[in-house]
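Notes to accompany the following structure.
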C-alpha cells in the first residue's frame, strides 16, 4: 500500500521522500519523485510531513548535494543522527510558488482526470490519483473498477494534451493488474 501524506495541496507540492539519515550531523537522504536532482537549486526551504499529518514549518536548506539518484539535505534545526532518524519515510514538500514548472510530465495534480491511452491506441482508463511511494510517482489509473499502477517517468510518458496522456508501457506492465 502506498504511503499517503495529508498536507495542504493548495500551498505545497510533494517533491520527495526521506529514505534514511546520513552521517552523524543530521543530514537526511531523500529520493526526488521526479528523478530531477538539480531542482533543489530552486529551493531555499522545505517542510516535512508524516503520514499522520504532523508537519514541520518550512525549514531552511543549509546545503544539499547529490549522491547517485538521491539528494543529501542538511536542514536547519535537524542537527543529530537521532533527529534525522525521526524523519525517515516523511515526505518533503516545497511551497507551491517555489516549485519549478514541470517540463513534460506536469504537476501530479494537473494529471488527475486525464484519460490514458497507449501508443497502440488502447484505452487504459482515467487517472484517479498520483501515489508517492518513495521511488517514482505512480499514476493510479482506473477503468471498470480495476486499478492500474503506471510509473510516472519520462521513459513511459510519450505525450500529453489537455484531455489525455499517451504512454508507451513495456510488455506486461498493464497485464499485471488485470484479474
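Listed values, structure above:
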read-out	value
Some residue of region 36-43 being under 11 Å from residue 90 (Cα atoms) and modelled with pLDDT under 90	no
Yes/no for residue 59 being touching a strand residue (DSSP E or B) at 6+ places or on another chain (Cβ under 6 Å) and free of Cβ contacts under 8 Å to residues at least 24 places away in the same chain	yes
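The values are calculated or read from the model by the stated rules, or taken from the named source; none is laboratory data. Not measured: the values here are computed from a predicted model. Virtual Cβ from ideal backbone geometry, glycine too; neighbours counted across all protein chains shown.
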